[in-house]
1. Among residues belonging to the stretch 315-328 that are touching a strand residue (DSSP E or B) at 6+ places or on another chain (Cβ under 6 Å) and surrounded by fewer than 20 Cβ atoms within 10 Å (Cβ to Cβ), point out the one that is farthest from Leu121 (Cα to Cα).
2. For residues that are touching a residue at least 12 places away in the same chain (Cβ under 8 Å) and surrounded by 11 or more Cβ atoms within 10 Å (Cβ to Cβ), scanning just the stretch 40-58, find the one that is farthest from Cys410 (Cα to Cα).
3. Which one of the conditions (1) of a type outside the set (A, V, I, L, M); (2) buried (at least 24 other Cβ atoms within 10 Å of the Cβ); (3) over 20 Å from Arg428 (Cβ atoms) does Gly302 fail to meet, given that it meets all the rest?
4. Please indicate, with yes or no, whether at least one residue in the stretch 257-269 is touching a residue at least 24 places away in the same chain (Cβ under 8 Å) and touching a His at 6+ places or on another chain (Cβ under 7 Å).
5. For the stretch 272-319: of the residues being in a loop (DSSP other than H, G, I, E, B) and hydroxyl-bearing (Ser, Thr, Tyr), which is farthest from Ala340 (Cα to Cα)?
6. Here are some residues: Thr175, Thr170, Thr133, Thr154. Which one is more than 19 Å from Ala259 (Cβ to Cβ), surrounded by fewer than 21 Cβ atoms within 10 Å (Cβ to Cβ) and in the same structural domain as Tyr331 (by TED's automatic domain parsing)?
7. What number of residues in the stretch 161-216 are within 19 Å of Gly46 (Cα to Cα), touching a helix residue (DSSP H, G or I) at 6+ places or on another chain (Cβ under 9 Å) and hydroxyl-bearing (Ser, Thr, Tyr)?
8. Working only within the stretch 320-348, note down all residues that are more than 17 Å from Asn85 (Cα to Cα) and outside any loop (DSSP other than H, G, I, E, B).
Amino acid sequence: MTVEGTTIAPAHGGPELPQERRLVTEIPGPRSRELFARRQSAVPPGVSTTLPVFVTQAGGGVLVDVDGNSLIDFGSGIAVTSVGNSAPRVVERVQRQAADFTHTCFMVTPYESYVAVCEKLNALTPGDHEKRTFLVNSGAEAVENAIKVARHATGRPAVVVFDHGYHGRTLLTMTLTAKSMPYKHRFGPFAPEVYRVPLAYPFRWPTGPDNCADEAAAQAIDMINKQIGAENVAAVIIEPIAGEGGFVVPARGFLPKIAEFCKANGIVFVADEVQTGFARTGDLFACEDEGIVPDIICTAKGIAGGLPLAAVTGRAELLDAVHVGGLGGTYGGNPLACEAALGVLETIEQDKLVERAAHIGEIMLPRLRALQERFGIVGDVRGRGAMTAIELVTPGTKDPLPAGPIAARCHAEGLLVLTAGTYGNVLRFLPPLVIPDHLLEEGLSILERAVAAEAGV
């Protein structure tokens, strides 16, 4: 497999998957519509669907549906298939493991692959201090466990989160999440002792981006001291780049100020790298960009190439403080997922995907900025590496303009894009790190046409 090539050879040895956009029916096609009708009678509508095409094969930068359409993938299953769908090293390891055994529960009879994943994460995550890692099933579960560890180790109750943050859909992580609809609406009451402070959001900071880092950090720290008391705070948790909140990159300098405050006050600094981790941003982990060394880092999504796995990695003294039996779960660190994770880490290293993510950003960001120059509805362009976004506004204002219509135009032309943002006005782009350059360029051209059409140009 080569990124520069036009075909991707799947690990199972079948026919090559052409790296091309190909539309043979409307989107969605007739077979997808039939399957979606079945889905509606079997699955509750609360489980949303971005694009109702049913996929039969995927790899490189394309998704092939049941009608034979080949779509360009700018979503990666929400940053999950970063190394590509059915990446060869992942498939080979999973197939071999499935033939040996599929489950024992690591808490009952352990196996080497779980330990190997933990060793890798201890070595690869920021900081040269002694670390421990344990494995769970999802990003939300990782976040919940990070809070458990912080509360246990500090003996404190309070948790501080930020505007525009997203941390999951369980009771505690819903509470940590900022946005009400669709994540929190009518699901309360919520967990206690969670407090929200401002995020340094440059595009929307009242006094402008130049003052954003200092003012937002000062406000957040002042609120913590006055309204909670630093001595009562177990953890501060933040996404280095806010994901569902709209790919908000905090103003430079903000994260170090918050981390320094935590260190000075015995507060556990937790980095939620569920969406940003594993080469997505042009660093292996996004917090490396400003030299942040979290006390605990939560990872998931891109960790295992599509198999359910997540991890909590942190300072040994914090994780070792929890009593025996206080951490774990039946499926956490499933052997198939562990082997997949080892295949992902091999692929990132051997195929130089950290560098590849940076290269993707070098292609995407200039073209997105060109859109901003041409069209008044593009208010902001932001992101790092292969995690980029545009924020849509009413021209001449910062009033949010819904992202759905442009996304729909892209979908109709065979480009899968995702929306995001507290105001629902952000288009976010998460292409697989193995997508060929020509598909990136074609996808951006489709986006340009969709923006132009929505802008009435």
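The values are calculated or read from the model by the stated rules, or taken from the named source; none is laboratory data. Just so we're clear, the structure is a prediction, and the values are computed from it rather than from any experiment. So basically every Cβ, Gly included, is an ideal-geometry build from the backbone, and we count neighbours across all protein chains shown.
1. Residue satisfying both the conditions and the ranking: Leu327.
2. Top of the filtered list is Gln57.
3. (3)
4. No, because not a single residue in the stretch 257-269 is touching a residue at least 24 places away in the same chain (Cβ under 8 Å) and touching a His at 6+ places or on another chain (Cβ under 7 Å).
5. It comes out as Thr281.
6. Only one candidate qualifies: Thr170.
7. 4
8. Let us first name the residues in the stretch 320-348 that are more than 17 Å from Asn85 (Cα to Cα), namely 320-335.
Listed by number, the list holds a single entry, Pro335.
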